[in-house]
Amino acid sequence: MIRPVIRSSLLSLILLSFPVLESVGEIPLKINHQGVVKVNGEPFSGTGEFRFALIDSESGDELWTNDGSSSASLGFPNLGVAIPVVSGLYSVNLGDASLTNMTAIPAEIFDGSNLLLRIWFSDQVNGVQRLFPDHVLSSAP
């Protein structure tokens, strides 16, 4: 009598785990990035237009851009992401496809690559400027 109950419970537990395993694979990859931006030496406040790229630090190859374009023609991604900036501080989830002009980040770009985050900014007055230096991305221990 105990054996059928254990088998039934074990089978139920195994079957219940399948939807959980499937949903784990569907979690979109997002990277939170926070930074400070200044215009003419002063902290910027307003809506900034940001462009982002993930770069292979060894080859210099561009592996991802916020809008899915290549930065080769313009020197930066074609379309920017509007992000609020308060006293120079901003925050964004890279790869959050719910944001306008932001594409998802494919997980395979993290396969053995040492990545840099490259950022361009526009205050919509002075044009698009690359921010230096590139940021090294590293995983948490």
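The values are calculated or read from the model by the stated rules, or taken from the named source; none is laboratory data. Here the structure is a predicted model, which is why all the values come from computation and not from measurement. Here Cβ is always computed from backbone atoms with ideal geometry, including for glycine, and neighbour counts include all displayed protein chains.
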Just a yes or no: is a residue in the range 61-76 closer than 16 Å to Gln124 by Cβ and in contact with a strand residue (DSSP E or B) (Cβ under 7 Å, 6 or more places away or on another chain)?
yes
Candidate set: the range 32-48, residues that are part of a strand (DSSP E or B) and of a type in the set (Gly, Ala, Ser); chosen: the one surrounded by the most Cβ atoms within 10 Å (Cβ to Cβ)
Gly48
Does any residue of the range 9-31 turn out to be modelled with pLDDT of 95 or more, over 17 Å from the mean Cα position of the chain (by Cα) and surrounded by fewer than 17 Cβ atoms within 10 Å (Cβ to Cβ)?
no
Sort out which residues of the range 87-115 are of a type in the set (D, E, K, R) and at pLDDT 95 or above, and write them in order of number.
Asp96
Could you please find all residues in the range 120-129 being of a type in the set (A, V, I, L, M) and in contact with a Phe, Trp or Tyr (Cβ under 6 Å, 6 or more places away or on another chain)?
Val128
